[in-house]
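Peer 1: My structure is below; once you've seen it, I'll send some questions.
The values are calculated or read from the model by the stated rules, or taken from the named source; none is laboratory data. Quick caveat: nothing in here was measured; it's all calculated off a predicted structure. Using ideal geometry, Cβ is built from the backbone for each residue, glycine included, and neighbour counts are taken over all protein chains shown. All accessible areas refer to the heavy atoms of the entire protein, side chains included, with ligands and DNA or RNA removed. Shrake-Rupley method; radii C 1.70, N 1.55, O 1.52, S 1.80 Å.
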Amino acid sequence: MFDPSQFGAMLGSMQDSIKELEERNQQTTLTAKSGGGLVGISANGNGEVIDITIDDSLLDDKESLQILLMSAFNDLRKSVEENRQSSAMNLLGGLGGLNIFGGKPNA
């Protein structure tokens with residue numbers, strides 16, 4: 001059965017948790033490398049690129065540099081998405097199985 005008081009408490013708790021999650025994501029650094037470390041790209045948990053490193057040996061080989069940059073960006077994008085999904089699952093799990101609609105929670 002629907003309990004409005006539990007719903008309000010859950011929304012307040014969820015807003016606090018989301019704010020904490022956003023702050024943690026801002027401070028989280030994810031890094032992807034390609035070409036054995038010749039190219040590295042770092043981003044925060046929100047997906048904002050914060051650093052790129054390129055080995056000097058690649059500066060004369062535009063095609064290789066492009067390939068390695070694309071590879072590192074794609075790997076970083078996957079890492080950011082996995083981090084977001086993991087954070088969201090932790091957030092939902094952190095609600096402690098609060099069930100405002102009654103019944104049994106999904107196992």
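Peer 1: Where the second residue is crowded, with 17+ Cβ neighbours inside 10 Å and the first is part of a loop (DSSP other than H, G, I, E, B) and lies in the stretch 59-84, which pairs have Cβ atoms under 9 Å and are six or more apart or on separate chains?
Peer 2: Leu59/Leu65
Peer 1: Another question, then. Could you grab me the full set of residues in the stretch 54-107 that are surrounded by fewer than 15 Cβ atoms within 10 Å (Cβ to Cβ), modelled with pLDDT under 75, more than 18 Å from the chain's Cα centre (by Cα) and not charged (D, E, K, R)?
Peer 2: Leu95, Gly96, Gly97, Leu98, Asn99, Phe101, Gly102, Gly103, Pro105, Asn106, Ala107 - these are the residues of the stretch 54-107 that are surrounded by fewer than 15 Cβ atoms within 10 Å (Cβ to Cβ), modelled with pLDDT under 75, more than 18 Å from the chain's Cα centre (by Cα) and not charged (D, E, K, R).
Peer 1: Might you let me know whether the stretch 16-27 holds any residue that is in a loop (DSSP other than H, G, I, E, B), under 20 Å from Val80 (Cβ atoms), of a type outside the set (A, V, I, L, M) and open to solvent by 40 Å² or more (accessible area, probe 1.4 Å)?
Peer 2: Pass one, the stretch 16-27, residues in a loop (DSSP other than H, G, I, E, B): none.
No, the stretch 16-27 contains no residue that is in a loop (DSSP other than H, G, I, E, B), under 20 Å from Val80 (Cβ atoms), of a type outside the set (A, V, I, L, M) and open to solvent by 40 Å² or more (accessible area, probe 1.4 Å).
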